[in-house]
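Undergrad: Quick one: the structure is below, questions incoming.
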Amino acid sequence: MQLKKYTKEFTYNWKLASPIMLGMLGHTFVSFVDNIMVGQIGTAELAAVSLGNSFMFIAMSLGIGFSTAITPLIAEADAAKDFINGKSTFKHGLFLCSVLGVLLFLLVFFAKPLMYLMKQPVEVVELAIPYLDLVAFSLIPLIIFQGFKQFSDGMSMTKYPMYATLLANIMNVVLNYVLIFGKFGFPELGIVGAAYGTLISRVVMVWYLWFLLKGKEKSKAYVTHIKLFVLDSLMLKKLLNLGAPSAMQMFFEVAIFTSAIWLSGLLGKNPQAANQIALNLSSMTFMVAMGLSVAAMIRVGNQKGLKAYQELRRIAFSLFLMGLLFAFSFAMIFLIFHDYLPKIYVDFEDTENLMDNMEVVSIASKLLVAAAIFQISDSIQVLVLGALRGLQDVKIPTIITFISYWLIGFPVSWFLGKEDAYGSFGIWLGLLAGLTTAAILLYIRFNYLTKKLILSNNE
């Protein structure tokens, strides 16, 4: 009976979270398709996509993390039927996302020479640079899309970003096939073809979401006649104060996974390609936890507004429990199939690269064991982080994420990830240490805050 008070929330949690999960999985699926198709060419090419995307992940974490500030403000305005404030929030959010998209593109574009200074394999760097030129430019439509997506989520129109992402995925698969391998008379562009596929599909994704929102009565007035350069400094400041800590939280976590790509590059192209396989598979399961995290942010925020703190705590725990059940299921899949899943990414019929491919699969299968273990920690930390955002507690969690990943996780990855220590597996032990620390500290923070709110409400 005690358990039922949490499980009865599962249906509504799923209804709220599933479109967000599918939309987020869509972004990861683009990377999944790129990796599988590029992996058919060779391990150096797969490592190059990994290295190029490592720069992209950092930029995307800042852009996507920042854009999350739009959702709670839009939801608040929508509930209050305050169109003027809602349109102002969306307009300023879209302006900031557009500026951020351009700045992040320039940052990644001019950061390319760092690849040579990072002691990455030269053949990998030379393949990664032309790929990164195009993929970096796709940051502009991607971050603008995030502005529209977060607005749409805040309006409880979570299906439409999912539709746009689905269209982008289909386009990406077709363009990849045609441009990577040179089908139907198109030139064979290799990994640059994958970059073209990503760029074109992201431009279409923005246009299609705008087109869908423009056609709906509820959102039409928001997304048309936008005076983008008539700005209010107070609204800009409000969005920046909410968005900046969220961006840093996401940055600290994504950056440690990115450092794992760079550290594995010091071990060679095959460990780097193996790292990319394990990272790609675990990032797909992470998107399920991310969807539940957004649901936690919305539901905890609602209960906070009602000052129903006992109910807030019960609903939050229902989401934590749901996340744990998913995480345990994914952990079992990774443990049972750790020898088989990496084989999807390489071509065993390629006799020229057979030894490389076998080494990549061997390393990746060990990494999936570590990934299986940290499914639990990863799910808890991101769900509790979502609940804390719902409480509008963003500053202390930012400090917690920095301590967990950079004062604990990264040093462990650095020391254990050397060739004469545990190599690639040691790098992932560092990720496990960082995620576990974050999960424990963030949970302590949430437990403390909610008990304090209940106590003060009862006095």
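Undergrad: What residues from region 253-296 fall in the zone where the backbone N is under 16 Å from a label point 7 Å along the Cα-to-C-beta line of F337?
TA: In region 253-296, the label zone of F337 (backbone N under 16 Å from the point 7 Å along Cα→Cβ) covers 277-288.
Undergrad: Same structure again: Do the sum for the chain: with -39,500 (n - 2.57) for every DSSP H run of n ≥ 4, divided by all residues, what is the mean residue ellipticity at 222 nm, to the nearest 500 deg cm²/dmol?
TA: -28500 deg cm²/dmol
Undergrad: Also: Quick one: if you take sqrt(5λ) for each eigenvalue of the C-alpha gyration tensor of region 119-170, what semi-axes come out, biggest first, whole angstrom? The partial results should precede the final answer.
TA: Details: eigenvalues 218, 26, 15 Å².
Whole-Å semi-axes of the equivalent ellipsoid: 33, 11, 9.
Undergrad: May I pose another question? Taking 0.36 nm per residue of separation and subtracting the Cα-Cα distance, what length does fully extending K4 through L234 add?
TA: On the way: separation 230, 0.36 × 230 = 82.80 nm, distance 4.50 nm.
Using 0.36 nm per residue and subtracting the Cα-Cα distance, I get 78.3 nm.
Undergrad: I've got another one for you. Whole angstrom only: what separates the Cα centroid of region 113-186 from the Cα centroid of region 349-422?
TA: About 23 Å separates the Cα centre of region 113-186 from the one of region 349-422.
Undergrad: How much length is gained on full extension from L455 to N85, taking 0.36 nm per residue of separation minus their Cα-Cα distance?
TA: Numbers: separation 370, 0.36 × 370 = 133.20 nm, distance 3.37 nm.
Value of the extension gain: 129.8 nm.
Undergrad: Of the options P271, P187, W207, report the single residue whose Cα projects farthest towards the positive end of the charge dipole of region 187-276 (beta-carbon charges: Lys, Arg +1; Asp, Glu -1).
TA: So the residue furthest toward the plus end is W207.
Undergrad: Taking the simple approach of a point 7 Å from Cα along Cα-to-Cβ for both T224 and D133, what is their distance in nm?
TA: 4.1
Undergrad: Now, a different point. Compute the distribution of all C-alpha to C-alpha distances in region 1-128, in bins of 10 Å from 0, and list the percent of pairs in each, rounded to whole numbers.
TA: Spelled out bin by bin, region 1-128 gives 10, 25, 28, 20, 13, 4, 0 percent.
Undergrad: Assuming a viscosity of 1.002 mPa s and a temperature of 20 °C, what translational diffusion coefficient in µm² per second does Stokes-Einstein assign to region 94-201, Rh being the Kirkwood radius over Cα pairs?
TA: On the way: Rh = 15.4 Å.
Diffusion coefficient, whole number: 139 µm²/s.
Undergrad: Span-like helices, the chain: DSSP H, alpha-carbon axial extent 15 Å or more, mean Kyte-Doolittle -1.0 or greater, which ones?
TA: Details: long enough: 10-39 (39 Å, 0.78); 43-67 (34 Å, 1.28); 83-111 (41 Å, 1.61); 122-137 (23 Å, 1.61); 139-154 (22 Å, 0.74); 159-181 (33 Å, 1.15); 191-214 (35 Å, 1.43); 233-267 (49 Å, 1.13); 269-306 (54 Å, 0.40); 309-337 (42 Å, 1.58); 354-390 (50 Å, 1.19); 424-458 (52 Å, 0.91).
Helices meeting the criterion: 10-39, 43-67, 83-111, 122-137, 139-154, 159-181, 191-214, 233-267, 269-306, 309-337, 354-390, 424-458.
Undergrad: Something else: Taking the Cα centre of region 312-437 as origin, work out the dipole magnitude from +1 charges on Lys and Arg Cβ and -1 charges on Asp and Glu Cβ, in debye rounded to 20. Display every interim value, and only then the final one.
TA: Numbers: 7 positive and 11 negative charges, 225 e Å.
With Lys and Arg at +1 and Asp and Glu at -1, about 1080 debye.
Undergrad: Taking the mean number of other Cβ atoms within 10 Å as a proxy for protection, how do you rank 145-151, 232-238 from highest to lowest?
TA: Numbers: 145-151: 27.6, 232-238: 12.6.
Top of the packing list down: 145-151, 232-238.
Undergrad: In debye, nearest 20: dipole of region 211-293 around its Cα centre with unit charges on the Cβ of K, R (+) and D, E (-)?
TA: Numbers: 8 positive and 3 negative charges, 83 e Å.
Here region 211-293 has a charge dipole of around 400 debye.
Undergrad: When the chain is fully extended, how far beyond the present Cα-Cα distance does W14 get from M358, taking 0.36 nm per residue of separation?
TA: Working: separation 344, 0.36 × 344 = 123.84 nm, distance 3.94 nm.
Gain in length upon complete extension: 119.9 nm.
Undergrad: Over the Cα atoms of region 228-287, compute the convex hull volume and normalise it per residue, giving Å³.
TA: Values: hull volume 7.7 nm³, N = 60.
Per-residue hull volume (Cα only) is 128 Å³.
Undergrad: Moving on. Given the pairs K112/K238; K238/K451; K112/K237; K149/K216, which are separated by over 23 angstrom at their Cα positions?
TA: Violating the 23 Å Cα-Cα cut-off are K112/K238; K238/K451; K112/K237.
Undergrad: Take H92, H225, H338 and sort them by solvent-accessible surface of the protein heavy atoms, 1.4 Å probe, largest at the top.
TA: Details: H92 0, H225 170, H338 45 Å².
Listed by decreasing accessible area, they come as H225, H338, H92.
Undergrad: If packing is taken as the average number of other Cβ atoms within 10 Å across a peptide's residues, how do 354-361, 18-25, 153-160 rank, most packed first? All intermediate terms of the calculation are to be shown ahead of the outcome.
TA: Values: 354-361: 18.8, 18-25: 22.1, 153-160: 20.5.
In descending order of packing, they fall as 18-25, 153-160, 354-361.
Undergrad: Right, here's the next one. Here is the link list: K5/K159; K307/K395; K304/K452. Which ones come out longer than 18 Å on Cα distance? Each step should come with its number before you reach the end.
TA: Working: K5/K159 28 Å; K307/K395 21 Å; K304/K452 13 Å.
Distance filter (> 18 Å) returns K5/K159; K307/K395.
Undergrad: With Rg and the Kirkwood Rh both taken from Cα atoms, where does Rg over Rh land for the chain? Write out the running numbers ahead of the final one.
TA: Numbers: Rg = 21.8 Å, Rh = 22.5 Å.
Rg/Rh: 0.97.
Undergrad: Run the simple label-point estimate for E311 and S156 please: 7 Å along Cα→C-beta, distance reported in nm.
TA: A separation of 1.5 nm, rounded to one decimal place.
Undergrad: Let me ask another. Order the peptides 244-253, 64-73 from the highest to the lowest mean number of other Cβ atoms within 10 Å of their residues.
TA: Values: 244-253: 22.7, 64-73: 24.6.
Listed from highest to lowest mean packing, they are 64-73, 244-253.
Undergrad: Can you give the convex hull volume per residue for the Cα atoms of region 119-275, as a whole number of Å³? Please report the intermediate quantities before stating the final value.
TA: Details: hull volume 25.6 nm³, N = 157.
Each residue corresponds to 163 Å³ of Cα convex hull volume.
The values are calculated or read from the model by the stated rules, or taken from the named source; none is laboratory data. Bear in mind that the values here come from a model prediction, so they are computed numbers and not experimental data. Because the Cβ atoms are built from the backbone with ideal geometry, glycine has one as well, and the counts that use them run over all protein chains shown. The area values use the complete protein model at the heavy-atom level, side chains included, leaving out ligands, DNA and RNA. Shrake-Rupley method; radii C 1.70, N 1.55, O 1.52, S 1.80 Å.
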